[in-house]
1. Quick check: with the 1.4 Å probe, what order do 167, 159 take by accessible area, largest first?
2. Can you find, among 194, 144, 181, the residue farthest towards the positive end of the dipole of segment 138-246? Put +1 on the C-beta of Lys and Arg, -1 on that of Asp and Glu.
3. When a/c reaches 1.5 or more, the comparison of a/b and b/c decides; with that in mind, is segment 420-570 rounded, prolate or oblate per its Cα gyration tensor?
4. How far, in nm, would the chain grow between residue 113 and residue 294 when pulled straight, counting 0.36 nm per residue and subtracting the alpha carbon separation?
5. Taking 7 Å along the Cα-to-C-beta vector as the label spot, tell me the residue 268-residue 244 distance in nanometres, rounded to one decimal.
6. Pull out a ≥ b ≥ c, the square roots of the eigenvalues of the alpha-carbon gyration tensor of the chain, then state rounded if a/c is under 1.5, prolate if not and a/b is larger than b/c, and oblate in the remaining case.
7. Of all trypsin sites (Lys or Arg not before Pro) in segment 206-285, which ones are in loop regions per DSSP and have a Cβ with at most 16 other Cβ atoms within 10 Å?
8. For each pair in 210/659; 187/398; 569/674, compute the distance between the two Cα atoms and list the pairs where it is over 26 Å.
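The values are calculated or read from the model by the stated rules, or taken from the named source; none is laboratory data. As the structure is a computational prediction, the values presented were derived from the model and not from experiment. Because the Cβ atoms are built from the backbone with ideal geometry, glycine has one as well, and the counts that use them run over all protein chains shown. The protein model used for the area step is the full one, side chains on, heavy atoms only, and it has no ligands, DNA or RNA in it. Shrake-Rupley method; radii C 1.70, N 1.55, O 1.52, S 1.80 Å.
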Amino acid sequence: MFKQVSQSAALLTAALCLGFASTTPHALAQDAVSAPEAGTPMPADKYLWLEDTNSPRAMDWVKVENARSLKILQADPRYAGFYADALKIAVAPDRLPEPDQRGSEIYNLWRDADHTNGIYRKTSLADYLTANPTWKTVIDYDALGKQDNVKWVSHGLTCLYPGDHLCLVTLSAGGEDADTQREFDLKTGQFVTGGFTLPHSKQSVAWLDKDTLIVARDWGTGTMTASGYPFVVKLWKRGTPLESAQEVFRGKPTDLGAVGYTLHDSKQHTLTLFSRSVTIFESETWVLTPDGTRQLSIPSKANIAGLLDGRLLLSIDQDWTPSGQLLTYKQGSLLDLKLADVLKDPTHLKPSIVFEPSADEFLQGATTTKSRLLVTTLKHVQGRATIYTPTLTGWSNKELPVPANVSVSVVSTSDASDNFFLGITSFLTPSSLFLGDASTGALTLEKTEPSRFDASKDIAEQYEAISKDGTHVPYFIVHRKDIKLDGTNATLLNAYGGFQVSETPYYSANIGKLWLEHGGVYVLANIRGGGEFGPAWHEAGLKTHRQRIYDDFAAVAQDLIARRVTSPKHLGIMGGSNGGLLMGVEMTQHPDLWNAIVIQVPLLDMLRFEQIDAGASWTGEYGTVANPDEREFLASISPYNQLKPGVKYPEPFIFTTTKDDRVGPQHARKFAAKMEEFNEPFLYDEIIEGGHAAGANLTEQAQTWALTYTYLAAKLMSE
């Protein structure tokens, strides 16, 4: 349920979701509680003390609310069974091991009952394709955490090209976004003695060459943005003190942040780029040329997608007419630029079209192999995948034979070969892994996740609701084939609605086992704010237009009720992060439309979100209180500020984590405290570890889902 966005925002780990300290806050004239009439002084926020994340007073409040809520939920006779099922799913030894191709070997991060924080392990491709691969442990995160007395959570590896054997291992304490990085040699299986080590910070690190890193991090006072991310990029040479690193690029303190990185292709082409993210969706990019660093004249809403065959790949989220040209390139297109032209003159660019969106098909992702390009798209929110081959005159393409009504993702590629792994998933069919050869287009089913629940009685369908302004909003519904349309079906409605994140069908063992098998109905809504229909679908709900997103969600609920699938008494909703904000808005705007609301790691105080953790990152999505019109709108939808005494709200289940240094637990705490003030019932769970996720390890995650479905069953499945 916790989502994540990509490209420059991902490079900065500034995304809102779903496993990601403090910021330099934007100044507010006054603290706010509600939207007053013009000229009325803003009352003080009496729960500011809960924003002091680890203060004894705040943590005492958390302990009391945790104990009260856990006592209620764990006493429910359903909880023990739900927890046992969720834990069995989480630690199942026959789970699909996701491959990570590095050179000729396959790596995998694996967690189970004996390795709660995980092991990074490897095997050969041939062995991986067998039914029972023989794995060799490379990094044991549990043992490392015990040695360091830190609960290390893996945030991946960044490896040197070519060869992929020297890597920076990214370690997060308890799942927070800030990390520690240490150099590791995959060939020897050891941390490099005297190698690169980067202490705790929110940071971005890339290899320039085997003896040089491109580093953006907290270099000291005045080097972090208001969002809490670095904006100064330096080159750090092996064997020298970190303090001696030389600055090569600088953004601005008002930016989201800045990064540097290097692209390679199999024909020995290399390009080093620096990017300053002005907002989460807008950036400026510089390239390192023989004449020094020069700005690349691409749209501010554009993403570098890779380098292949001497061509720089670029996706654009806005229409673009390059300087000196008459042709306008369509928003949502994937383009290429000849690298030689980019290095010679990055101002006057001559792009060519690789993919252009149609009325019903939209770009989702682009990934390179040794000699080919893999493009994933959505057509009517159904997954597609196509191989593109560079030719002398442009590109040829071949669509891969994927099943209908599924989601498609490129799981892993390698610069050393044209092998790739494609993931296929749907609501009722266990996820499958296909091995592909991009040079031939061959696609072979290799592994399938065992069934975790009985789906034989279920069916998945797609419908449309009509929103308040007449927009048709698709949604998926999963239910028993013999469903009775009498309004009594326990129904769980989920959506995200932001940051151009697309919601597509996926196989969830927890939803299947803990909800569908018990007769529940599951609904996934493709509301505006997402990317299912390209950038325009997202932009329709930006800033002061955001009410459209909330109207879309309510329209799906009303359509379910009109179809007599369910009724308010049996309708529950769930969302995390930006989806948690969605839940809070729907609770305060339509308190009579639902009987259960799960609010996960949420934003809820939209008049102070810019002052809390990485909140200043998201003004491109939500707007800012510094703009009077945007402040007025934010006040009108802010769940914390719109809670009113004397209103009968559904009793929500609010979940957060203390170590969430992205959204922060402050929103959830203050919202719950105000409900308590108004004598409104609520359930609350704040775990310490986990970052911006359901828990730091499999046990914590299993408990989170068991508590969640216990709450939902109690609220929606009772007569």
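1. If we order 167, 159 from most to least accessible, we get 159, 167.
2. Looking along the dipole axis, the top candidate is 194.
3. Working: a/c = 2.70, a/b = 1.20, b/c = 2.25.
Since a/c reaches 1.5 but b/c is at least a/b, the shape of segment 420-570 is classed as oblate.
4. On the way: separation 181, 0.36 × 181 = 65.16 nm, distance 5.13 nm.
Taking residue 113 through residue 294 to full extension adds about 60.0 nm, to one decimal.
5. My value for the distance between the label points is 3.1 nm.
6. Working: a/c = 1.37, a/b = 1.27, b/c = 1.08.
Cα axes put the chain in the rounded bin.
7. Working: sites: 210, 217, 234, 237, 238, 250, 267, 276; in loops: 210, 217, 238, 267.
Taking segment 206-285 and a limit of 16 other Cβ atoms within 10 Å, the loop trypsin sites (Lys or Arg not before Pro) found are 210, 238, 267.
8. On the way: 210/659 34 Å; 187/398 37 Å; 569/674 24 Å.
In this structure, 210/659; 187/398 lie more than 26 Å apart at Cα.
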